[in-house]
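Visitor: Let me begin by handing over the structure; questions about it come next.
Throughout, read-outs are computed from the coordinates displayed, never taken from laboratory work. On a predicted model such as this, the values are computed, not experimentally measured, just so you know. Glycine gets a Cβ as well: all are built from the backbone with ideal geometry, and neighbour counts include every protein chain shown.
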Amino acid sequence: MTTSAFDAGRPAGTGLANWREAPQNRWSFRHVRELVPSARVRAPTTGGAEPDAPGGALDGLDVELPGGARGGLASLLSATRADELLVWKSGRAAYHWAAPDSDPAEPHLLFSVSKSITALLAGILEGQGLLDPEAPVTTYVPEMAASPAYGSASVRDVLDMAVSLDFEESYLDPDGAFARYRRAMLWNPCPPGATEGDLLTFLATLRRQDHAHGTRFHYASPNADLLGIIVERAGGAPYATLLQTLLWQPMGARDDASVTLDRRGAARAAGGVSATARDLARLGDLVRRGGGGIVPAAFVEDLWRGGSREAWLAAEDPVESMPEARYRSQWYAVGDENDCLCAIGIHGQWIFIDPTRETVIVRLASQALPLDDAIKLATVRSFHAIARAL
């Protein structure tokens, strides 16, 4: 493989077949735009200038490690392949940790934290009168009229992961529907004899289950990719343009972001956004403050207060780590005593908001497995310990 100035530090042999695997992912999660077609989201030329967060202050904070032993926070982060941890307290940077081979100025792939960002765009468009959450999906994407799953679903069903959808989020399945999904988004190589496809065509093929829409929480990333298309149609512009003009520049981002694209230019709204931790912290604090005049306050308040407990409890695969939670507009309302809210992505990506303690925590990581329950539990407990310590 020919190298270039852009390949500095790239592990030998890294490509579409292995870029999400360890150890390649530590490099590729910060260089996804060199592997998959991507659109830039430009920060304003006069971005925010908050001082850098102090490091070291919480390195020795006593936390639980995966498996139940105790150790310092820095040890937990190193042991769980974290790339960066950034904490904001009351709107100011309070603590920063970065792995030795991590570059905080380089945008990091967010995976499903992208879903939560996409939903904020939907909220902005709703506030502008351009998007109706109660409207049928077909109002914005008429191509879904013949879709067995989406032809009868509403935008609200899509927002809340309550579409009656026959789709399994099988991250490690190399042959099934999830693998076809990743080929359609250009995240996987296309094997000989297979068709590449595109997101919109793939979404239209998905079938529904027997239960009614809106009655059962069923986490499926295609919902959020369809939401991205709905946002584009409602906003009348490409996803990257809407993210730039409606959110990234108004909130004063410090760094450019990006989003991956399929072969027809559709954005991977469910998982393809890359951004820096400091801009995610700014975004999380925007939500903590009720939208900051950028996202409508009513939409943000609904993230905490909306959502169906009945739909959450009816899920086929309950989220055992959050038994009191609700899911609303691509965000998790944890349902704990501090009313925490979070956005979560595979391989260890988080925005965690504790409004009671005015704390926002961003974690970026390159965990070897997409899902690791032991790391997830230790991570959530460390967030609560951090918020208590500040």
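Visitor: Before anything else, pin down the relative contact order of the stretch 83-144: Cα pairs under 8 Å, at least 6 apart, normalised by residue count, whole percent.
Guide: On the way: 31 pairs, mean separation 10.4, N = 62.
The normalised contact order for the stretch 83-144 reaches 17 percent.
Visitor: While we're on this one: Quick one: among Leu77, Leu243, Leu206, which has the greatest mean-square fluctuation in a GNM of the chain with alpha-carbon springs under 10 angstrom?
Guide: Of Leu77, Leu243, Leu206, the Gaussian network model singles out Leu206 as fluctuating most.
Visitor: Additional query: Which one of Ala368, Ala79, Ala240 has the biggest mean-square fluctuation once the chain is modelled by GNM with Cα springs under 10 Å?
Guide: Ala79
Visitor: With runs of 4+ DSSP H residues as the only contributors, calculate the mean residue ellipticity of the chain at 222 nm using -39,500 (n - 2.57) per run, divided by the residue total and rounded to the nearest 500.
Guide: -8000 deg cm²/dmol
Visitor: Now a separate question. Which shape class applies to the stretch 79-146: rounded if a/c is under 1.5, otherwise prolate when a/b exceeds b/c and oblate if not, where a ≥ b ≥ c are the square roots of the Cα gyration tensor eigenvalues?
Guide: Values: a/c = 4.18, a/b = 2.19, b/c = 1.91.
Judged from the Cα gyration tensor, the stretch 79-146 comes out prolate (a/c at least 1.5, a/b above b/c).
Visitor: Then there's this: Taking the Cα centre of the chain as origin and charging only Cβ (+1 Lys, Arg; -1 Asp, Glu), how large is the dipole, in debye to the nearest 20?
Guide: With Lys and Arg at +1 and Asp and Glu at -1, about 600 debye.
Visitor: Which stretch or stretches of the stretch 288-310 have amide N atoms under 16 Å from the point lying 7 Å from Ala237's Cα along the Cα→Cβ direction?
Guide: 294-295
Visitor: Another question, then. Subtracting the Cα-Cα distance from 0.36 nm times the residue separation, let me have the gained length for Ala22 to Ala297 in nm, one decimal.
Guide: 95.0 nm
Visitor: With springs only between Cα atoms under 10 Å, which of Ala162, Ala237, Ala53 fluctuates most in a Gaussian network model of the chain?
Guide: Result for the chain, Cα springs under 10 Å: Ala237 fluctuates most.
Visitor: With the crude spin-label approximation of a point 7 Å out along Cα→Cβ, what separation in nm comes out for Thr139 versus His211?
Guide: With each label point 7 Å from Cα toward Cβ, the separation is 2.5 nm.
Visitor: Once both labels are modelled 7 Å past Cα along the beta-carbon direction, what's the Asp62-Ser90 spacing in nm?
Guide: Here the modelled spin labels are 2.6 nm apart.
Visitor: I've got another one for you. Among Ser112, Ser221, which comes first, then next, by fewest other beta-carbon atoms within 10 Å?
Guide: Ser112, Ser221
Visitor: Give me the tail of P(r) for the stretch 24-389 as a percent: Cα-Cα pairs with distance above 29 Å.
Guide: Value for the stretch 24-389 (Cα pairs over 29 Å): 36 percent.
Visitor: Rounded to the nearest 0.05, what FRET efficiency do Asp317 and Ser78 have when you use their Cβ-Cβ distance and R0 = 35 Å?
Guide: The computed FRET efficiency comes out at 0.70.
Visitor: Which length gain, in nm to one decimal place, applies between Ser170 and Thr245 when the Cα-Cα distance is subtracted from 0.36 nm times their residue separation?
Guide: 23.6 nm
Visitor: Pick out, from Thr14, Ala365, Leu172, the residue whose Cα sits farthest towards the positive end of the charge dipole of the chain, with +1 on the Cβ of Lys and Arg and -1 on the Cβ of Asp and Glu.
Guide: Thr14
Visitor: Oh, and also: For a Förster distance of 35 Å, can you work out the FRET efficiency between the beta-carbons of Asp339 and Thr45, rounded to the nearest 0.05?
Guide: For Asp339 and Thr45, the calculated efficiency is 0.45.
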